[in-house]
Amino acid sequence: MSNLSRGKYAQFISDRSGQAFPYSEMVIEWNGSRVHVSEFEAKHPQLEPKPTTADGQGLRNARPQIFTQASGDGGFMNVDLTLPGDFAFQSSGMIPDDGSSVNNKRQAFMSLGNVSITGVVNNTLVIPTAISSSLSLNSVTTTTTSVTVYAVTVANPGSGNKYYIDGVQQDTLSLTIGSTYRFDQSDSSNATHPLRFSTTSGGTHSGGTEYTTGVTTSGTPGSTGAYTEITVDASAPSTLYYYCTNHSGMGGQINIS
């Protein structure tokens, strides 16, 4: 049997470069290759990545949203689905449309089999085909809160400036309790003539005070979008008067019923 080479005459051919190196300077890599120490490459960490798991997306012991149950009797349930502000049924594009829709702001009452649902609808309520077919949608009853708009202008017929309501000078108006009326002062002739209400003829010019129950104002008279609006309260007197806060003798009478 022959002896193994050793010392300076013992050389080894590198598996990587193919060059001869002293045998004593050779090392073995992680993949079994025998290379010179100058050629050695450690195992890259990405060759054995650490195990990973998916990110958590759920909650343990989660609870579904529960709508308030107003009443329940004999298998009939009333559910209040009133949603705040713009969260309630905003557009027809969000759910399928079978042609049954209710427009504008209103209260909608839907009877679905043995479930009566009450909800506030801000813009458009569209009844999905899936609901009307599978749950036998029986009826939709609506009540609409409308706003009556009066166009207000100011002109001088020869005896000083006067309010004209829908073109009628100092028109005597009839308003109904519970209804809303808007006095549109966007016409430029209304500049410096804010319209307000009083229980006294002539308002503050005759020693009276401004009536503010149910009254809201917006903008500057004479500019686009300006108005004074009143929702007639049940406690309103039988007679009110509209007047200009800056000038006397411009207004007229309002009868409440």
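The values are calculated or read from the model by the stated rules, or taken from the named source; none is laboratory data. Worth saying up front: this structure is predicted, and the values here are computed from it rather than measured. As a convention, Cβ positions derive from the backbone with ideal geometry for all residues, glycine included, and neighbour counts pool all protein chains shown.
In the set Arg182, Arg196, which member is more than 32 Å from the chain's Cα centre (by Cα), among the basic types (Lys, Arg) and assigned to a strand (DSSP E or B)?
Being more than 32 Å from the chain's Cα centre (by Cα), among the basic types (Lys, Arg) and assigned to a strand (DSSP E or B) holds for just one of Arg182, Arg196, which is Arg196.
Could you list, in sequence order, all residues of the stretch 216-250 that are among the hydroxyl-bearing types (Ser, Thr, Tyr), in a loop (DSSP other than H, G, I, E, B) and within 18 Å of Asn190 (Cα to Cα)?
Those that are among the hydroxyl-bearing types (Ser, Thr, Tyr), in a loop (DSSP other than H, G, I, E, B) and within 18 Å of Asn190 (Cα to Cα): Thr220, Ser223, Thr224, Thr245, Ser248.
Do we find that Ala226 is assigned by TED's automatic domain parsing to the domain that holds Ser186, touching a residue at least 40 places away in the same chain (Cβ under 8 Å), in contact with a helix residue (DSSP H, G or I) (Cβ under 8 Å, 6 or more places away or on another chain) and not charged (D, E, K, R) in this structure?
So Ala226 passes the test.
What do you reckon, is Val149 surrounded by fewer than 16 Cβ atoms within 10 Å (Cβ to Cβ), modelled with pLDDT of 50 or more and touching a strand residue (DSSP E or B) at 6+ places or on another chain (Cβ under 6 Å)?
yes
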